[in-house]
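Notes to accompany the following structure.
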Amino acid sequence: QVQLVQSGGGLVPAGGSLRLSCAASGHTFSNYGMGWFRQRPGKEREFVAAISWSGLSRNYADSVKGRFTISKDNDKNTVYLQMDSLKPEDTAVYYCAVDVDNSIWSEHWKYTYWGQGTQVTVSS
């Protein structure tokens, strides 16, 4: 049974920082990429960032480039999303996901396994 367990969400003022973590278990995620998505109320799930297995390839949504950083620790089977200079419009439920094709897709339907989601709220 594949499990992705997320942690690190919360409430932060605009301009602040948060780091999200996503720990994978139940499977050897060899050669799998990972991604982060978010969903705001009444909106579709949108791409935030993705990283290849090696960590050498990364993909970011334009809205977060220069502010968010995705990274991973393969020894811990964990992916991180460092979020800096947060804005109220970053408020959403954030999800991590496994990309079995290791292709750093931006389309959410191409991801196979999903975390439970974690709320990030940025106050103005």
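The values are calculated or read from the model by the stated rules, or taken from the named source; none is laboratory data. For clarity, every value in this text was computed on a predicted model and none was experimentally measured. Every residue, glycine among them, receives a Cβ derived from its backbone with ideal geometry; neighbour counts consider all protein chains shown. Just so you know, the surface numbers come from the protein's heavy atoms only, side chains and all, with ligands and any DNA or RNA stripped out. Shrake-Rupley method; radii C 1.70, N 1.55, O 1.52, S 1.80 Å.
Can you name the condition, by its number, that Thr28 falls short on among (1) open to solvent by less than 60 Å² (accessible area, probe 1.4 Å); (2) modelled with pLDDT under 95?
(1)
Determine which member of the set Val93, Val48, Val12, Val98 is modelled with pLDDT under 95 and in a strand (DSSP E or B). It would help to see each step written out before you state the result.
Details: Val93 fails: modelled with pLDDT under 95; Val48 fails: modelled with pLDDT under 95; Val12 fails: modelled with pLDDT under 95.
So the residue among Val93, Val48, Val12, Val98 that is modelled with pLDDT under 95 and in a strand (DSSP E or B) is Val98.
The conditions are (1) part of a loop (DSSP other than H, G, I, E, B); (2) touching a Lys or Arg at 6+ places or on another chain (Cβ under 8 Å), and Lys76 fails exactly one of them. Which is it?
Result: Lys76 fails condition (2) only.
Just one of (1) closer than 21 Å to Ala14 by Cβ; (2) out of contact with any strand residue (DSSP E or B) (no Cβ under 6 Å at 6 or more places or on another chain); (3) open to solvent by 70 Å² or more (accessible area, probe 1.4 Å) trips up Asp75, so point out which.
Just one mismatch for Asp75, condition (1).
Between a first residue in the range 5-23 that is within 10 Å of Tyr80 (Cα to Cα) and a second residue that is open to solvent by 30 Å² or more (accessible area, probe 1.4 Å) and of a type in the set (Gly, Ala, Ser), which pairs have beta carbons less than 6 Å apart while being 6 or more apart in sequence or on different chains?
Cβ pairs passing all conditions: Arg19/Gly8; Leu20/Gly8; Ser21/Ser7; Ser21/Gly8.
Can you go through Ser21, Ser63, Ser54 and tell me which one is under 25 Å from Ser124 (Cβ atoms) and open to solvent by 20 Å² or more (accessible area, probe 1.4 Å)? Full working, then the answer.
Working: Ser21 fails: under 25 Å from Ser124 (Cβ atoms); Ser54 fails: under 25 Å from Ser124 (Cβ atoms).
One residue alone meets the criteria, Ser63.
Evaluate the range 111-118: report whether one residue or more is surrounded by 15 or more Cβ atoms within 10 Å (Cβ to Cβ), at pLDDT below 95 and touching a Lys or Arg at 6+ places or on another chain (Cβ under 6 Å).
No; the residues of the range 111-118 include none that is surrounded by 15 or more Cβ atoms within 10 Å (Cβ to Cβ), at pLDDT below 95 and touching a Lys or Arg at 6+ places or on another chain (Cβ under 6 Å).
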